Amino acid sequence: MFRKSPYTNGTSYYISRASVITQLFGDFCQNVEYFLYSFEQYTVDTVEHLIVGLLCYVLLCGLLYLCITQLGLFGFTRDFRNAKRILFVTAHPDDEVMFFGPTILHYTQKKNCMVFLMCLSSGKNYGMEKVRTSELYESCKLLGIQQENVFVHSNSDLPDAMDVRWPLEIISKHIIYLVEAFNITNVITFDRNGVSGHQNHCSIYYALANLIIDNELPKACGVFVLESVNRLRKYWLLLDIPISFIMSRFRYMEGLSQRSLLHKAMCQHKSQMMWFRKLYMIFSRYMLINTLQQLNMVDIELDLLDLDE
């Protein structure tokens, strides 16, 4: 007879324990592999659905644009009442076409409506006054604004500078003068964010806000501001049509021929035609769509509190 080894039971225990660990590890690896495979499939399906959804949205926006501008099946533009004598207040030459082009074209082509433009700087602080003023007149001519209705200011207190806040009292003085002199019925300018956050743009808004708070504007004169949008909406052109239609009360959009005219007007600003402005002309929704908001006292008071802080 053979003697039973005293180590047999212990060895079997360790072998059994090792096999359990090996099996658990194998199961874990299989679960991880299954999870990665499922995640990969989910990611692929999600991306495919997003691509299909995006393509459908792009096609929808394209069809909406054609139906609105070419076929006239339904209206997109909604303007305000008493639009007889409209004053656009801008900060720099080229603002009129870069930001307000669709709105300006709408009202210059409208019967019984006279459009005025006041530009509060001319590039004098960097020696471009004559060039930029001449470019502005040429641009306004294409947009349909008569030269005698274009007013350009060259004030050393209103320099063309991204981070400079202009004195509100000077802006207010210029605005009040034209509103009273030409019996302006509506004023259009930038909102508190100035489209791009440019402090010159924002200063015009706060000057007008102060005029409204102080009751210095005629009661019959309405004030409307160009809505600033986030960077994504700012550069996705046609894709902003549904959002603008749903979210904005006053809106303007131009067709292909008017868009071409806006590009020609922008090209009159030859001194400013850097590569990034050429891209802006192609992709910016402000060269196609404008949405406006009428100023109300509640919004103004909140904005002025933010300015004081």
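The values are calculated or read from the model by the stated rules, or taken from the named source; none is laboratory data. What you see is a predicted model; the values in this text were computed from it and never measured. Positions of Cβ are generated from backbone atoms using ideal geometry, with glycine treated the same way; all protein chains shown enter the neighbour counts. With ligands, DNA and RNA removed, areas are computed over all heavy atoms of the protein, side chains included. Shrake-Rupley method; radii C 1.70, N 1.55, O 1.52, S 1.80 Å.
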Name, by its number, the condition in (1) touching a residue at least 24 places away in the same chain (Cβ under 8 Å); (2) assigned to a loop (DSSP other than H, G, I, E, B); (3) farther than 23 Å from R285 by Cβ that does not hold for K111.
(1)
Considering only residues that are buried (at least 24 other Cβ atoms within 10 Å of the Cβ), in contact with a strand residue (DSSP E or B) (Cβ under 8 Å, 6 or more places away or on another chain), among the hydrophobic types (A, V, I, L, M, F, W, C) and more than 19 Å from W166 (Cβ to Cβ), which ones fall in segment 78-104?
I86, I104
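Inside segment 79-93, can you point out the residues that are in a strand (DSSP E or B) and more than 30 Å from M128 (Cβ to Cβ)?
Selection gives R85 alone.
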Filtered residue count, segment 94-108, keeping only those that are in a helix (DSSP H, G or I) and touching a Phe, Trp or Tyr at 6+ places or on another chain (Cβ under 6 Å):
3
Restrict the check to segment 43-57 and report whether at least one residue is among the charged types (D, E, K, R), open to solvent by less than 90 Å² (accessible area, probe 1.4 Å) and touching a residue at least 24 places away in the same chain (Cβ under 8 Å).
no
Conditions first: (1) surrounded by 16 or more Cβ atoms within 10 Å (Cβ to Cβ); (2) of a type in the set (F, W, Y); (3) assigned to a helix (DSSP H, G or I). F276 passes all but one, so which condition is the exception?
(1)
Only one of these conditions is not met by K219: (1) surrounded by 15 or more Cβ atoms within 10 Å (Cβ to Cβ); (2) under 19 Å from N296 (Cβ atoms). Which number is it?
(1)
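Look through I300, I282, I243, I212 and report the one residue that is among the β-branched types (V, I, T), open to solvent by 10 Å² or more (accessible area, probe 1.4 Å) and under 30 Å from P167 (Cα atoms).
Result: I212 is the single residue among I300, I282, I243, I212 that is among the β-branched types (V, I, T), open to solvent by 10 Å² or more (accessible area, probe 1.4 Å) and under 30 Å from P167 (Cα atoms).
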Quick one: in segment 246-266, of everything that is more than 30 Å from T133 (Cβ to Cβ) and basic (K, R), which residue is surrounded by the most Cβ atoms within 10 Å (Cβ to Cβ)?
R251
Would you confirm whether any residue within segment 132-141 is surrounded by fewer than 21 Cβ atoms within 10 Å (Cβ to Cβ), touching a residue at least 40 places away in the same chain (Cβ under 8 Å) and hydrophobic (A, V, I, L, M, F, W, C)?
no
Somewhere in segment 64-78, is a residue in a loop (DSSP other than H, G, I, E, B), on the phi > 0 side of the Ramachandran plot and without any contact (Cβ under 8 Å) to a residue 12 or more places away in the chain?
yes
Would you mind finding the one in I170, I176 that is over 22 Å from L292 (Cα atoms) and part of a helix (DSSP H, G or I)?
I170
Within segment 147-156, identify whether any single residue is open to solvent by less than 40 Å² (accessible area, probe 1.4 Å) and assigned to a loop (DSSP other than H, G, I, E, B), and answer yes or no.
no
Which numbered condition trips up I15, out of (1) open to solvent by 100 Å² or more (accessible area, probe 1.4 Å); (2) modelled with pLDDT of 90 or more?
(2)
